[in-house]
């Protein structure tokens, strides 16, 4: 347990930040999952639409420093490649 007032406040803030980061990370994973599902469905137009919606969500997490920019680039690259490979 925290020993000082400032440590108590830091602990409260850390818990708030953690909850927000978890929520944002979940939002990103859901967006990626939607694109993957659309790709699996075989509808290229729907896959592209969900991809266009997912990219800003992924980029937001990079700007907030919740995920590394290389991880974001990898997600976007892999999804885009799978969409391009669709017939």
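What follows draws every value from the coordinates through simple rules; no lab data is involved. Since this is a predicted model, take the numbers as computed values, not measurements. Ideal geometry is used to build each Cβ from the backbone, glycine not excepted, and the neighbour counts take in all protein chains shown.
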Q.
Once R0 is set to 25 Å, what does the formula 1/(1 + (r/R0)^6) return for the Cβ-Cβ distance between residue 83 and residue 24, expressed as a FRET efficiency to the nearest 0.05?
A. 0.55
Q: Arrange 43, 59 by Cβ neighbour counts within 10 Å, fewest through most, would you?
A: 43, 59
Q | Inter-label distance, nm, simple model (7 Å from Cα along the C-beta direction), residue 63/residue 9 | A | 2.8 nm
Q) Using helices alone, what [θ] at 222 nm do you get for the chain, with -39,500 (n - 2.57) per DSSP H run of 4 or more residues, divided over all residues and rounded to the nearest 500? A) -29500 deg cm²/dmol
